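Here's the structure we're looking at; comments come further down.
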Amino acid sequence: MSYLLVAILAGLAAIERKGFLQAMLARPVALATLIGLALGDVGGGVLVGAPLELFWLGAVNLGAALPVHEALGTAAIAGGAVLAGRALGGVTPEVAVLSLLIAAPLADAGRRAERLTEVLNEKLAARAEERLSRGDPAGAARVNLLGLFAPFAISAVLAPIGAALAAEAVPRLVLGPFAALPLATGWFAFSGLACASGAKAMRAPRARVVYYAALVAGAAAVVTVMWRVGVRA
Amino acid sequence: MTVPTRTLLRVFWRSLFLQAAWNRRGMQNLGFAYAIDPALAALYPEPERRREALARHLGFFNCHPYTAAAILGGTIYHEERVARGEEPAGNPVLYKSTLQGPLAAIGDGFFWTALRPFFGALAALGALAVGWPAVVITLAIYNLVHLALRYGLFRDGYRKGDGIVADVARLALPVFADRLRVAGAFVCGLTAALLLWRGALQAGFLSGAVALAAAAFGYLALLGGARLLPAAYVIVVAGVGAALFAARWHGSS
Amino acid sequence: MIPLVRIDNRLLHGQILETWAPRLGVREVVVADDAAASSPLAKAAMTLALPPDLPARVVRVDEVDWAGLAARKEPVLVLLREVASFARAIAGGLTPALARRVNLGNVHYAQGRRPVTPSVFLSKEELDVVVAAAADGFEVEARAVPSDDPAGPAALLARYNAAAGG
């Protein structure tokens, strides 16, 4: 049942991402939240989705140039993390980082699959022309909607597979060979890199200075607060 | 010959499916033909003329999915004049081919690489700070802007035809894009600082410090051309390694 | 100098403004296209998407002063619509010494063209122009954005021959 939900949400996200609407619902921060909601752990979804959003902030479709399939990657990672978290008392940073490492390559696989659908869709174009030549313009126009099936199917198949791999492997690793490793630090390292990736996606002349200024000023504020709290305690 | 308002609304709804069958040869050609077909059906009651009209819109088309709405509206403006015999039948296609590149550039430069990433970064920061309500609010605001502009461009394209270019110029989107990107970079920097706080509370001060260091040095590495996914694996291993090293050093001292 | 001559059916659009121009540090764009140069709508539209600090000029292919642009200190990106315009540019004085790198970005499908990259379709005549230019010293490659893997003349030739035709 859970995997069915992951499949449906991943499939719909793949459609929303390109074929219909594009209202940010397939962006990692939204999709991971929705998957968390569907699987009964909104907080877990948000925890995973926020850094993934920044990590893949630059994943945009410019003309014919395709980015990685951030929605497929997110569905697999968030789905896997929330399901693995059921066995481990919630989505901890340890669970999140291992799910990421296991399922993130699917984003790249999704990009390859999308290229393939673009070639297959040439057949749809031919079909539309054929319908038109038979005197059925309304039918020719509607051929467009047939293109929604392939992206749905690809993500609906691959996302649950990635989620299942993570959901099966993560508890074994966390309770087994990796039990002594400080994995949580790995998740925070990844989240830091995600901020950097997000900043890099903001290509503006002053973006570099502003990014570092915010980082340094924010960090100074955080350290000050910690110090004062620490002193009082 | 004009297109009824109801039909225009139907065309706009269908324009949301512009990239459903994106293909290498025609790119958004099927999506454009699908969107404009109800308008063509209204303008050309004679089957042969409607067939010809749809055939010309099955030719190559590619634009940004939002700004394409302006071209769709403007193309209907020209098709109305073709249907009335005031313009040659080649005008709608010429209009499309002239505007698709520049409006794609506007859409990519404003929506895809400025407005959406800005709201994405804001949603991420909000999600980490206060949780899911921030995601809902941020997305609601983004889509208010998105749908208002998308529908406005469609309506103005239909009313003004070639005049849409002046309208889009007045919006000064490249100027706003620049500001949004700077603001977005600011949000990313703040998020890194928030991670210092979060990491320190959840997993020890070292985790927070590692997050901050990854944000500072990861940026340099990515600007230097490091590939994103491999960089993620490297930084996770480095972070865990740093924590191991610190624990050992701390334990032996 | 001219760091890149780009052949792109869509002329000035997002891939160029968002990826190539920042990557190459371009300070001006010259769009060399007869149809665009003679259309006020095209000219007006072309300037829409430009960031405030990047000027662009739209001229006819024959009007381009290749030596003058190459002699400039600031990098200028030149856009051509078709491979045929590139051939005309060579006839009009473009040499590898003035602009070595030539990029095929987007050349759309048309009758007789075969796919050589996801975004580039070439006819036999166009491929011949590309191969001959490479033999004359131009560094010709096909890719949409800098992060794609470039395809050189040998790869283009191989893919053209491997494609079923269209």
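According to a simple spin-label model (label point 7 Å from Cα along Cα-to-Cβ), what is the distance in nm between C:Glu28 and B:Val136?
Each label point lies 7 Å from its Cα, and together they span 5.5 nm.
Computed on protein heavy atoms with a 1.4 Å probe, what is the summed buried accessible area for the chain pair A and C, in Å² to the nearest 100?
Numbers: alone 12960 and 7810 Å², together 20110 Å².
Buried surface at the A/C interface: approximately 700 Å².
Can you give the extra length, in nm with one decimal, that the chain gains between A:Val216 and A:Ala153 once fully stretched, where that is 0.36 nm per residue apart less the Cα-Cα distance?
Here the answer is 18.2 nm.
Cα axis of helix B:205-223 to longest principal axis of chain B: angle in degrees, 0 to 90, nearest 10?
50 degrees
Can you work out the PRE-style zone for C:Met1? Point 7 Å along Cα to Cβ, and I want the residues of the stretch C:77-97 with backbone N under 19 Å.
C:77-79, C:94-97
Calculate I(q)/I(0) for chain C by the Debye formula, one identical point scatterer on each C-alpha and no solvent, and give its log10 at q = 0.11 Å⁻¹ to two decimals.
Once normalised to I(0) and log-transformed, intensities are -0.41.
Mind checking which aspartates and glutamates have their C-alpha under 14 Å from C:Lys43, skipping anything on the same chain fewer than 8 residues away?
B:Asp162, C:Asp33, C:Asp34
Which angle between 0 and 90 degrees, to the nearest 10, do you get for helix A:2-14 versus the longest principal axis of chain A when only C-alpha atoms count?
Helix A:2-14 sits roughly 70 degrees off the main axis of chain A.
With just the Cα atoms defining each centre, how far is the stretch A:172-216 from the stretch C:1-44? Give it in Å.
36 Å
Would you mind working out the accessible area per residue for the stretch B:5-171, using a 1.4 Å probe, and quoting it in Å²?
33 Å²
Which of rounded, prolate or oblate describes chain B when judged by the alpha-carbon gyration tensor and an a/c cut-off of 1.5?
Taking the square roots of the gyration eigenvalues as a ≥ b ≥ c, chain B is prolate.
With a cap of 16 neighbouring Cβ atoms within 10 Å, and only residues DSSP puts in a loop, list the chymotrypsin sites (Phe, Trp or Tyr not before Pro) found in the stretch C:73-122.
Values: sites: C:Phe86, C:Tyr109, C:Phe121; in loops: C:Tyr109.
Passing sites in the stretch C:73-122 do not exist.
Please identify every one of the trypsin sites (Lys or Arg not before Pro) in the stretch B:59-149 that sits in a loop by DSSP and has no more than 14 other beta carbons within 10 Å of its own beta carbon. Kindly include the intermediate steps, with their values, before the conclusion.
Details: sites: B:Arg81, B:Arg84, B:Lys96; in loops: B:Arg84.
Loop-located and lightly packed - B:Arg84.
Give the shape of the stretch C:107-154 as rounded, prolate or oblate, defined through the alpha-carbon gyration tensor: a ≥ b ≥ c are the square roots of its eigenvalues, a/c under 1.5 means rounded, and otherwise the shape is prolate if a/b is larger than b/c and oblate if not.
Here the stretch C:107-154 falls in the oblate category.
For the stretch A:182-233, rounded, prolate or oblate, judged on the Cα gyration tensor with a ≥ b ≥ c (square roots of eigenvalues), a/c < 1.5 rounded, else prolate if a/b > b/c?
Values: a/c = 5.89, a/b = 1.44, b/c = 4.08.
Oblate is the answer for the stretch A:182-233, as a/c is 1.5 or above yet b/c matches or exceeds a/b.
Which FRET efficiency value, to the nearest 0.05, do you get for B:Phe245 and C:Glu82 by plugging their Cβ-Cβ distance into 1/(1 + (r/R0)^6) with R0 = 45 Å?
It comes to 0.15.
Can you give the FRET efficiency to the nearest 0.05 for B:Leu229 and A:Val225, using r as the Cβ-Cβ distance and R₀ = 35 Å? Before the final figure, lay out the partial values.
Working: r = 35 Å, r/R0 = 0.99.
Calculated value: 0.50.
Using a simple spin-label model with points 7 Å from Cα along the Cα→Cβ vector, what separation in nm is obtained for A:Ala179 and C:Ala91?
Reported label-point gap for A:Ala179 and C:Ala91 is 7.9 nm.
Each residue of the stretch B:106-118 in turn: what ³J(HN,Hα) in whole Hz from Karplus with 6.51, -1.76, 1.60 and θ = phi - 60°, glycine and Pro shown as x?
4, x, 4, x, 9, 6, 7, 10, 9, 5, 5, x, 4
Tell me the carbon and sulfur percent of the accessible area for the stretch A:2-178, rounded to whole percent, probe radius 1.4 Å.
On the way: 4050 of 5910 Å².
The nonpolar share, carbon plus sulfur, comes to 69 percent.
Specify the inter-centroid distance of the stretch A:136-157 and the stretch C:93-166, based on alpha-carbon positions, in whole Å.
The two parts, judged by their Cα centres, are 32 Å apart.
Taking each residue of B:164-171 in turn, how many C-beta atoms of other protein chains fall within 10 Å of its C-beta, and what is the average?
Per residue, the average neighbour count from other chains is 3.
Taking only protein heavy atoms and a 1.4 Å probe, what accessible area per residue, in Å², does the stretch B:204-252 have with all protein chains in place?
Solvent-accessible surface per residue comes out at 56 Å².
Between C:Arg114 and residues 5 or more places away or on another chain, which pairs have amide H atoms under 5 Å apart, with H built 1.01 Å from N, and which residues are they?
Here the answer is C:Leu122, C:Ser123, since their amide H atoms fall under 5 Å of that of C:Arg114.
Using amide H atoms built in the peptide plane, which far-off residues or other-chain residues are under 5 Å from C:Ile7 H to H?
C:Leu80, C:Asn103, C:Leu104, C:Gly105
Mind checking the angle between helix A:70-88 and chain A's longest principal axis? C-alpha axes, 0 to 90 degrees, to the nearest 10.
The angle comes out near 50 degrees.
Starting from the stretch B:167-227, pick out the trypsin sites (Lys or Arg not before Pro) whose DSSP state is loop and whose Cβ has at most 14 other Cβ atoms within 10 Å.
B:Arg227
Going by a 1.4 Å probe on protein heavy atoms, which residues of the stretch B:128-162 end up with at least 40 Å² less accessible surface in the whole assembly than in their chain alone?
Listed by number, the residues meeting the 40 Å² cut-off are B:Leu128, B:Trp132, B:Val135, B:Leu139.
Compute the FRET efficiency between B:Val175 and B:Arg155 as 1/(1 + (r/R0)^6), taking r as their Cβ-Cβ distance and R0 = 22 Å, and round to the nearest 0.05.
In this case the efficiency is close to 0.40.
Can you tell me the alpha carbon radius of gyration of the protein assembly as shown divided by the globular rule-of-thumb value 2.2 N^0.38 Å?
1.00
Tell me, what is the per residue accessible area of the stretch A:2-178 in Å², probe radius 1.4 Å?
Each residue of the stretch A:2-178 exposes 33 Å² on average to a 1.4 Å probe.
Which ³J(HN,Hα) values in Hz, rounded to whole numbers, follow from the phi angles of the stretch B:145-157 under the Karplus curve 6.51 cos²θ - 1.76 cosθ + 1.60, where θ = phi - 60° and Gly and Pro get x?
Here the 3J(HN,Hα) series is 5, 4, 6, 4, 5, 5, 6, x, 5, 4, 5, 5, x Hz.
So what's the back-of-envelope 222 nm ellipticity for chain A, counting only DSSP H runs of four-plus at -39500 (n - 2.57) apiece and dividing by all residues, rounded to 500?
That comes out to -26000 deg cm²/dmol.
For chain B, what relative contact order do you get, as a whole percent, if you take Cα pairs closer than 8 Å and at least 6 residues apart?
16 percent
Could you tell me how far the Cα centroid of the stretch A:39-57 sits from the Cα centroid of the stretch A:79-93, in Å?
12 Å
Once label points are set 7 Å from the Cα along Cα→Cβ at both B:Arg6 and B:Leu147, what is their separation, rounded to one decimal in nm?
Between B:Arg6 and B:Leu147, the label points sit 2.2 nm apart.
Using θ = phi - 60° and the Karplus curve 6.51 cos²θ - 1.76 cosθ + 1.60, what whole-Hz ³J(HN,Hα) does each residue of the stretch B:177-193 get, with Gly and Pro shown as x?
For the stretch B:177-193, the Karplus curve yields 4, 4, 5, 4, 5, 5, 4, x, 5, 4, 4, 5, x, 4, 4, 4, 5 Hz.
The values are calculated or read from the model by the stated rules, or taken from the named source; none is laboratory data. Quick caveat: nothing in here was measured; it's all calculated off a predicted structure. Note that each Cβ is placed from the backbone with ideal geometry, even for glycine, and that neighbours are counted across all protein chains shown. These area figures cover heavy atoms from the full protein model, side chains too; ligands, DNA and RNA do not enter into them. Shrake-Rupley method; radii C 1.70, N 1.55, O 1.52, S 1.80 Å.
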